[in-house]
Amino acid sequence: MDLRIFVEPQQGASYADQLALAQRAEQLGFSAFFRSDHFLRMGGGDPLPGPTDAWTTLAGLARETSTIRLGTLVTSATFRLPGVLAVQVAQVDDMSGGRVELGLGAGWFAEEHAAYGIPFPDKRFGLLTEQLEIITGLWSTPVGQTFDYDGVQYQLSESPALPKPVQERVPLVVGGNGPRRTPQLAARFATEYNQSFPEKGAVTAQRDRVRAACEAVDRDPDELVYSAAFVACVGRDEEEVRRRAAAIGREAGELRSNGLAGTPDEVVEGLQALAAQGITRVYLQCLDMADLEHLDLIAGEVMPHVGGQR
């Protein structure tokens with residue numbers, strides 16, 4: 001099981017907070033550090049220090065880490081033009097020495113768009129599809145040739161399709177729990193399909209929908225990595241589990257049901273259950289970004305029992 005750290009900086013984290021967590025995750029042997037792409041805090045609480053831009057942050061982390069992979073879960077298609085996003089991701093890939101992954105989604109949080117003057121169209125799936133077509137098209141265009149695109153949302157004419165990423169193929173994550181359109185997009189474009197906070201009993205059925213979508217376009221379903229994201233809340237004993245749950249405004253029992261929570265043994269059992277459903281990569285959403293000891297505990301008491309990176 002490949003374990004990755006996933007954070008939500010819009011809930012109250014500076015660049016320095018993210019850097020400290022990413023560097024600790026790297027030291028401990030987690031394979032990747034991923035962050036959300038949001039511009040507004042969700043729910044109540046202190047809004048300070050305010051949001052940080054995902055790709056600006058990842059560019060900084062690219063220069064201040066050396067081995068850990070870096071990415072978004074997920075960048076919103078409404079936030080950036082696809083040509084500009086292709087340039088940004090390729091540049092950060094170069095800055096990191098080829099360690100970047102791109103998660104791209106349709107966007108959903110209308111309030112953050114209103115707060116920062118970002119258009120939020122009612123229908124966004126077509127927008128996302130065209131962005132995926134453009135980004136993959138730009139990156140795959142041979143050097144010396146140009147790329148053209150005539151879509152409903154975007155038109156590109158004689159683009160030099162530069163710069164190119166360092167990686168021959170930047171891993172592309174398509175996520176979501178939709179039953180039809182999301183599996184189709186994953187089958188067309190993704191190297192990884194991610195289920196974000198799914199009902200645990202629904203994981204296998206959704207994975208099978210994606211596999212069927214791959215087969216429908218004559219793609220080997222085993223080419224994809226099948227992953228899931230869950231809130232993590234691990235404690236050495238019940239008191240520590242409850243303390244960590246309270247720190248993020250949640251109940252320990254609810255997190256046991258819907259996340260990966262409890263003692264290390266309980267979390268190992270939960271990860272093994274996901275592995276039995278075909279999940280080979282898990283994003284552990286760590287909502288208390290000041291709690292570096294949480295990562296220490298997971299790396300020391302969970303990772304060795306599930307075949308992690310350490």
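The values are calculated or read from the model by the stated rules, or taken from the named source; none is laboratory data. If you're wondering where the values come from, they're calculated on a predicted model, not measured in any experiment. Quick reminder, even Gly has a Cβ in these numbers, built from the backbone with ideal geometry, and neighbours come from all protein chains shown.
If a residue must be surrounded by 18 or more Cβ atoms within 10 Å (Cβ to Cβ) and under 22 Å from VAL282 (Cα atoms), how many such residues does the range 164-183 contain? Spell out the reasoning first.
Of the residues in the range 164-183, the ones surrounded by 18 or more Cβ atoms within 10 Å (Cβ to Cβ) are 164-165, 170, 172-176, 182-183.
Then drop every residue that is not under 22 Å from VAL282 (Cα atoms), which leaves 170, 172-176, 182-183.
The total comes to 8.
Is there any pair linking a residue in the range 128-143 that is outside any helix (DSSP H, G or I) and surrounded by 17 or more Cβ atoms within 10 Å (Cβ to Cβ) to one that is basic (Lys, Arg) and at pLDDT 95 or above, with Cβ under 9 Å and at least six apart or on different chains, and which?
From the range 128-143, the pairs are THR141/LYS164.
Can you find even one residue in the range 148-171 that is more than 22 Å from LEU58 (Cβ to Cβ) and modelled with pLDDT under 95?
Looking through the range 148-171, none of the residues is more than 22 Å from LEU58 (Cβ to Cβ) and modelled with pLDDT under 95.
Go through the range 56-98 residue by residue and tally those that are of a type outside the set (A, V, I, L, M) and more than 18 Å from PRO171 (Cβ to Cβ).
Quick first cut of the range 56-98, residues of a type outside the set (A, V, I, L, M) only: 56-57, 60, 63-67, 69, 71-72, 75-76, 78-80, 82-83, 88, 91, 93-94, 96-98.
Among the residues that remain, those that are also more than 18 Å from PRO171 (Cβ to Cβ) are: 56-57, 60, 63-64, 66, 76, 78-80, 83.
Residues in the range 56-98 being of a type outside the set (A, V, I, L, M) and more than 18 Å from PRO171 (Cβ to Cβ): 11 in total.
Return the residues of the range 182-199 that are closer than 20 Å to LEU127 by Cα and hydrophobic (A, V, I, L, M, F, W, C); say none if nothing qualifies.
LEU185, ALA186, ALA187, PHE189, ALA190
For the range 144-166, name all the residues that are part of a loop (DSSP other than H, G, I, E, B), at positive phi and in contact with a strand residue (DSSP E or B) (Cβ under 9 Å, 6 or more places away or on another chain).
Correct list: ALA161 only.
Within the bounds of the range 8-22, is there any residue that is touching a residue at least 40 places away in the same chain (Cβ under 8 Å) and within 24 Å of GLU133 (Cα to Cα)?
no
Looking for whichever is over 30 Å from GLY249 (Cβ atoms) and out of contact with any helix residue (DSSP H, G or I) (no Cβ under 8 Å at 6 or more places or on another chain) here; the options are GLY126, GLY103, GLY50, GLY83. Which one fits?
GLY126
Restricting to the range 45-73, name every residue that is among the small types (Gly, Ala, Ser) and within 21 Å of GLY107 (Cα to Cα).
Applying the first criterion (among the small types (Gly, Ala, Ser)) to the range 45-73 yields 45, 50, 54, 59-60, 62, 66, 71.
GLY50, ALA54, GLY71, listed by residue number.
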